[in-house]
Every structure is written in structure tokens, then in C-alpha cells.
Amino acid sequence: MVSLVVRTLKWVGGLVFLLILMCTAFIALSGWNWLREPVAHLVMEKTGRELVIGGDVQIDLGWPLVHIRTTDVRFGNPPWASQKDMLTAAGVELSLDVAELFDHRLVLDVLALRQANLFLESN
């Protein structure tokens, strides 16, 4: 009985390791650019505004901060605004506190914009 449990745990551990290895290989080979569309879709769903990430996405994983860099970013204004975009930036860099996500809080330790144009207005 004990040997069956040990054998099963070895198989499960091996499968988990293989899954992690496959995910790591996928990210290493394809980079993080596959995240552009899911993030844009999530932002549209939550804000009703368009987010376009035109450049490469680079992510440095760490704990508790994850550093994210990208280029050619555009965030739309609401339909009633006089300008189409609220923000355009040649580069965006941010540090996301992952530990705070467990408490359902989005905390950005750093938010840096390069060559940015920001258009704010109220209605």
C-alpha cells in the first residue's frame, strides 16, 4: 500500500515538474508578447477603454515585485472626450506588488512613462 502511494506521488510530482518545464520553455521561446491581447481585453472589460501595446513586453519575475516594461502604449479616452487617447507613451515601466494581489489590491510600486502625452479632462 505504501509503495503504491509513493509511486503515485512520484508520478504526480513528475507530471507537475513536466508541466512547469513546458510552461517555462514556452515563455522562453515565445517571450511575453502573448500577454498583449489578454491584458488589452481585460482592460477593455474593466474600463470600457481601449489599451494598445504595440511594442515588446518584457517581464522580470521576482518576489514580491514583478517588473514589467513595454513600448508603444496607447490608452483610449471615453467616447465623450475631445481627444481619442488619454495616454500615449513611447515606453512604460512598472513594478507590480504581487503579494498585494492576494488581498485583491493592485499596488504599483513604480510607474514610469517615457515620452508620454497625457490628456485629462472631466465631464
For Asn33 and Leu106, FRET efficiency with R0 = 30 Å and r from the beta-carbon atoms, rounded to 0.05?
0.85
With a 1.4 Å probe and every protein chain kept in, tell me what percent of the accessible surface of segment 66-123 is carbon plus sulfur.
54
Low-density loop cleavage sites - GluC sites (Glu not before Pro) in segment 63-123, where at most 14 other Cβ are within 10 Å (DSSP):
Glu121
Under the 0.36 nm per residue contour assumption, what length would be gained going from the current alpha-carbon distance of Trp11 and Val52 to full extension?
10.5 nm
Does anyone have the angle between helix 2-30 and the longest principal axis of the chain? Alpha-carbon axes, 0 to 90°, nearest 10?
30
Rounded if a/c under 1.5, otherwise prolate or oblate - segment 8-68, Cα gyration tensor axes
prolate
What dipole magnitude, in Debye to the nearest 20, does segment 27-123 give about its Cα centre under +1 on Lys/Arg Cβ and -1 on Asp/Glu Cβ?
220
Could you report the chain's accessible area per residue, 1.4 Å probe, as an integer in Å²?
75
In deg cm²/dmol, rounded to 500, what helix-only [θ] at 222 nm does the chain give when every DSSP H run of at least 4 residues adds -39500 (n - 2.57) and the total is split over its residues?
-12000 deg cm²/dmol
As I understand it, the value is the acute angle between the Cα axis of helix 36-47 and the longest principal axis of the Cα atoms of the chain; what does it come to in degrees, rounded to 10?
60
Computed FRET efficiency, Cβ-Cβ of Asp60 and Ser3, R0 41 Å: what is it to the nearest 0.05?
0.40
Only one of the listed values, [x] 33, 32, 26; [y] 72, 30, 24; [z] 61, 32, 26, was derived from the coordinates as Cα extents along the principal axes in Å; which label is it?
[y]
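The values are calculated or read from the model by the stated rules, or taken from the named source; none is laboratory data. Every value quoted in this text rests on a predicted model; they were computed, and no experiment measured them. Note: ideal-geometry Cβ built from the backbone for every residue, glycine included; neighbour counts use all protein chains shown. SASA here: full protein model, heavy atoms, side chains in, ligands and nucleic acids out. Shrake-Rupley method; radii C 1.70, N 1.55, O 1.52, S 1.80 Å.
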